[in-house]
Amino acid sequence: MNHIALKMLMGDKGKYLGIVMGLTFASLIMTQQPAIFVGLMSRSYSFISDVGLPDIWVMDPKVQFVDDIKPLQDTELYRVRGISGVQWAMPMYKGLLKARLTDGTFQTCNVIGLDDTTLIGGPPIMLSGKIEDLRRSDSVIVDIDGARDKLGKPSPTSGGKRIPLAVGDTLELNDHRAIVVGIAKVTRTFQSQPVVYTTYSRAKSYAPRERKLLSFVLVKAKPGQDIAQLTRRIRAATGLSAYSHNEFKELTYNYFMKNTGIPINFGISVALGFIVGAAVAGQTFYNFTLENLRQFGVLKAMGANNLTLLRMILLQAVLVGSIGYGLGVGLTALFGHAMRHTILAFKFPWQLLIFSGAGVSLICVFAALISIIKVIRLEPAIVFKS
Amino acid sequence: MTEKQLAVHCQHIGKTYQAGGQKIVALNDIKLEIALGELMMLVGPSGCGKTTLISVIAGILDQDEGSCALFGEDLQQMRSKDKLNFRARNIGFVFQAYNLLPSLTAVENVSVPLIINGVKRAVAERKAGEILELVGLGTRTKSLPAQLSGGQQQRVAIARALVHSPRLIVCDEPTSALDHETGQTVMGLLKDVALHADRALVIVTHDARIFNFADRIAKMDDGHITSVGAVNGLLG
Ligand SMILES: Nc1ncnc2c1ncn2[C@@H]1O[C@H](COP(=O)(O)OP(=O)(O)OP(=O)(O)O)[C@@H](O)[C@H]1O
Ligand SMILES: [Mg+2]
């Protein structure tokens with residue numbers, strides 16, 4: 001009976017296209033909105049991802065997320081280095097400092113100070129220059145988005161495009177001269193300020209004089225060292241907070257989930273997308289069964305049992321579901337691809353693929369079930385009605 | 001006549017519909033016997049219960065009262081699964097509106113009853129092709145219903161009703177959507193090809209021009225059978 005079910009489905013090209021399009025649309029809005037949501041939320045911790053290398057981040061116990069800086073004393077670095085199981089521990093400065101541009105205007109920058117010798121925690125991708133150039137005096141590396149936009153030099157013609165900051169240009173950070181030696185690509189975060197990388201000691205000299213300036217201690221565990229154990233040991237020895245790479249991401253992510261309007265605002269649009277998608281897809285498929293009710297009635301009169309009809313309807317649902325899902329997900333991926341160079345947040349992890357796949361399956365099974373109830377209740381005697 | 005030789009044996013059949021709080025008595029104390037090898041016509045004014053009666057006979061509608069035996073078996077007493085199997089094996093249907101599946105070709109449509117009976121698709125379609133040949137549509141096996149005339153569609157429907165060699169074929173107004181000549185052809189097919197000694201045909205009709213194809217005619221009015229007899233008697 002399978003070929004009959006498939007022919008029934010595809011016999012009317014127009015209707016068939018309609019159902020597939022409904023399901024495509026449903027899959028599209030069920031993946032595209034969540035992908036933007038996931039992309040947006042992953043920005044909350046993208047700085048942690050960019051730093052990459054360290055296993056453990058050590059910080060003040062009151063820190064709630066990655067941009068919530070509560071400085072430590074420099075001596076904490078040496079205490080962490082003394083703990084067994086630590087391969088290395090490096091300082092990192094992270095803070096907002098004012099930069100004076102050549103045209104005399106000011107721009108707040110997110111300044112990252114890296115360990116002077118190892119430069120651990122530097123930008124993930126260098127577009128021009130080398131990260132080692134940071135060892136030269138007064139040198140800084142600037143992120144490309146900042147260099148193009150907020151740190152760019154005003155256009156010589158009024159109203160023209162800004163001229164991007166380039167290697168060899170200078171800035172002033174808190175009255176200290178800084179020479180751009182490299183342009184880097186960093187993953188976008190929630191912070192819109194330009195990112196400026198320099199060494200730890202130079203960052204300290206740029207920063208306003210304060211007793212404590214150490215933002216994080218970045219720790220690498222010895223090979224074979226259990227990370228969870230080491231974080232516990234660091235916590236016990238220093239009284240500071242120590243999080244594994246993923247724990248720190250989670251802390252940051254959860255902070256934004258709890259304390260910003262993003263989840264609720266986006267949650268609503270994702271839920272709405274899901275409901276609209278479900279309604280459209282379910283409705284089209286249910287309508288299809290209703291329109292074919294007479295055909296099912298004929299099969300029933302001729303002795304086809306309910307299980308056979310159920311299988312036919314399920315097969316039809318699974319087929320249009322998979323095609324619609326494939327097309328919808330494909331469109332979402334295309335959308336993401338088209339938007340990859342824009343400011344739009346978009347991330348399409350495999351978990352989302354499963355989530356939306358489960359969603360579409362649920363819709364199809366549900367639509368098939370309400371359809372089959374209709375077919376089971378169907379009196380075969382309707383076949384004699386004209 | 002003994003039970004065994006009867007294709008259909010209905011006794012005291014009653015059927016009442018409920019429509020919006022109103023009771024409509026569609027069948028009232030129906031008695032009817034149809035023998036194997038017989039072509040029985042059911043005639044009567046619109047709304048007198050003809051369709052309801054053949055629905056009960058074919059086992060697609062349950063009566064409220066009385067019993068109806070097909071080849072000695074009472075369908076209402078059967079479990080629903082057995083009833084479906086019984087229907088699949090023993091009954092062929094022909095409808096006024098043809099009721100072919102629009103997206104299946106003629107040969108696929110005709111093979112449906114065999115497939116429901118568990119016959120393999122290739123075998124079923126070969127058999128279906130032979131039957132289509134028999135009803136004069138050997139060249140149109142690949143056509144979709146929409147590509148066929150009304151008379152041709154009804155011939156496909158007759159082939160479908162025959163293909164699994166059922167012992168009873170029920171037809172509701174098989175000719176009323178067709179012109180006179182085509183109606184005669186279709187009836188000729190039913191009488192010559194469909195009917196034989198091991199099979200009975202029940203045909204509901206309004207169409208007096210086909211009465212002469214009947215072996216016997218049962219006249220109905222208002223839920224009753226008012227007379228059963230040979231064609232001549234009725235027409236006279
Ligand atoms: N499903 C139903 N619900 C309620 N009443 C019904 C139903 N089916 C038929 N009836 C009523 O039962 C009576 C008999 O209907 P039936 O269809 O058997 O008549 P018929 O002789 O076939 O008429 P026609 O020649 O117009 O086809 C009619 O009064 C009809 O209105
Ligand atoms: Mg009728």
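Once each part is reduced to its C-alpha centroid, what is the distance from region A:168-191 to region A:272-303 in angstrom?
60
Just reorder A:T308, A:T157, A:T198 by solvent-accessible area, largest first, 1.4 Å probe, all chains present. Write out the running numbers ahead of the final one.
On the way: A:T308 30, A:T157 90, A:T198 0 Å².
Largest to smallest exposure gives the sequence A:T157, A:T308, A:T198.
Based on the mean of other Cβ atoms within 10 Å per residue, sort peptides B:217-223, A:70-76 so the most packed one is first. Could you put the intermediate results ahead of the total?
Values: B:217-223: 19.6, A:70-76: 16.1.
In decreasing order of mean packing, B:217-223, A:70-76 become B:217-223, A:70-76.
Straight-line reach from A:K15: which lysines fall under 17 Å, measuring Cα to Cα and dropping same-chain residues less than 8 apart?
Straight-distance partners of A:K15: A:K7.
Over the whole of B:56-62, what's the average partner chain Cβ count within 10 Å per residue? Rounded to a whole number, please.
Numbers: counts 1, 0, 5, 3, 11, 5, 2.
Partner Cβ neighbours, averaged per residue: 4.
Show me A:34-45, A:9-20, B:158-169 ranked by packing, highest mean number of other Cβ atoms within 10 Å first. Write out the running numbers ahead of the final one.
Details: A:34-45: 21.3, A:9-20: 16.3, B:158-169: 23.8.
So the order, starting with the most tightly packed, is B:158-169, A:34-45, A:9-20.
If the limit is 28 Å between Cα atoms, which of A:K13/A:K347; B:K31/B:K127; B:K15/B:K81 go over it? Numbers along the way, then the final one.
Values: A:K13/A:K347 35 Å; B:K31/B:K127 37 Å; B:K15/B:K81 23 Å.
From the list (A:K13/A:K347; B:K31/B:K127; B:K15/B:K81), the Cα-Cα distance tops 28 Å for A:K13/A:K347; B:K31/B:K127.
With 19 Å as the limit, write out which pairs from A:K94/A:K249; A:K300/B:K191; A:K130/A:K212; A:K70/A:K212 have Cα-Cα distances beyond it, or answer none.
Numbers: A:K94/A:K249 16 Å; A:K300/B:K191 26 Å; A:K130/A:K212 30 Å; A:K70/A:K212 9 Å.
Over 19 Å apart, Cα to Cα: A:K300/B:K191; A:K130/A:K212.
Tell me the relative contact order for region B:136-236 as a rounded percent, counting alpha carbon contacts under 8 Å between residues six or more apart.
22
If we count every other residue with Cβ under 9 angstrom of A:S155's Cβ, Lys/Arg +1 and Asp/Glu -1, where does the sum land?
On the way: positive: A:K153, A:K161, A:R162; negative: none.
Once all neighbours under 9 Å are counted, the net charge is +3.
Any idea how far the Cα center of region A:127-158 sits from the one of region A:60-113, in Å?
21
Take each complete run of DSSP H in chain A, measure how far its Cα atoms stretch along the helix's own axis, and keep only those covering 24 Å or more with mean Kyte-Doolittle hydropathy at least -1.0; list them. Write out the running numbers ahead of the final one.
Numbers: long enough: A:13-42 (42 Å, 0.99); A:262-291 (43 Å, 1.20); A:306-338 (47 Å, 1.37); A:350-377 (40 Å, 1.87).
Membrane-span-like by this criterion, though nothing is claimed about a membrane: A:13-42, A:262-291, A:306-338, A:350-377.
Taking each residue of B:109-117 in turn, how many C-beta atoms of other protein chains fall within 10 Å of its C-beta, and what is the average? Provide the component values of the computation, followed by the final result.
Values: counts 2, 0, 1, 6, 4, 0, 8, 9, 3.
Mean number of neighbouring Cβ atoms from other chains: 4.
For chain A, with the dipole built from +1 on Lys and Arg beta-carbon atoms and -1 on Asp and Glu ones, taken about the Cα centre, which of A:Y16, A:T105, A:F47 lies farthest toward the positive end?
A:Y16
Charges at C-beta only: +1 for Lys and Arg, -1 for Asp and Glu. How large is the resulting dipole of the protein assembly as shown about its Cα centre, in Debye rounded to 20?
1980
Let me know the charge dipole size of chain B about its Cα centre in debye, to the nearest 20, where only the beta-carbon of Lys, Arg (+1) and Asp, Glu (-1) is charged.
Around 720 debye, computed over chain B.
Can you tell me the relative contact order of chain B? Whole percent, Cα pairs under 8 Å, sequence separation 6 or more. Don't skip to the end; give the middle numbers.
Details: 480 pairs, mean separation 65.3, N = 236.
Relative contact order comes out at 28 percent.
For chain A, calculate the relative contact order in percent as a whole number, restricting contacts to Cα pairs under 8 Å that are 6 or more residues apart.
Numbers: 654 pairs, mean separation 114.5, N = 386.
Relative contact order of chain A: 30 percent.
Might you report the magnitude of the Cβ-based charge dipole of region A:73-239 about its Cα centre, with Lys and Arg at +1 and Asp and Glu at -1, to the nearest 20 debye?
Working: 26 positive and 16 negative charges, 80 e Å.
Using Cβ point charges on Lys, Arg, Asp and Glu, region A:73-239 gives about 380 debye.
For the protein assembly as shown, build the charge dipole from Cβ charges (+1 Lys, Arg; -1 Asp, Glu) around the Cα centre, then report which of A:G330, A:A221, B:I210 sits farthest towards its positive end.
Going by the charge dipole, the pick is A:A221.
Charges on Cβ only, +1 for Lys and Arg, -1 for Asp and Glu, centred on the Cα centroid of region A:73-239; of A:Q87, A:V142, A:P124, which one is farthest towards the dipole's positive end?
Of the candidates, A:Q87 comes out farthest on the positive side.
Tell me which lysines have Cα within less than 18 Å of A:K98's Cα, excluding those fewer than 8 residues away on the same chain?
A:K150, A:K153, A:K204
Express in whole angstrom the spacing between the alpha-carbon centres of region A:325-341 and region A:4-54.
After rounding, the separation between the Cα centres reads 8 Å.
So who's got an amide H within less than 5 Å of the one on B:G66, skipping anything under 5 residues away but keeping other chains? H placed 1.01 Å off N, in plane.
B:G14
Based on DSSP, what percent of beta bridges with both residues in region A:73-239 are antiparallel, to the nearest 5?
Details: 27 of 37 bridges.
Approximately 75 percent, going by the DSSP bridge assignments.
The values are calculated or read from the model by the stated rules, or taken from the named source; none is laboratory data. Please read all numbers here as calculations on a predicted model, not as lab measurements. Backbone-built Cβ (ideal geometry, glycine too); neighbour counts: all protein chains shown. The accessibility values were calculated without ligands, DNA or RNA, using every heavy atom of the protein model including side chains. Shrake-Rupley method; radii C 1.70, N 1.55, O 1.52, S 1.80 Å.
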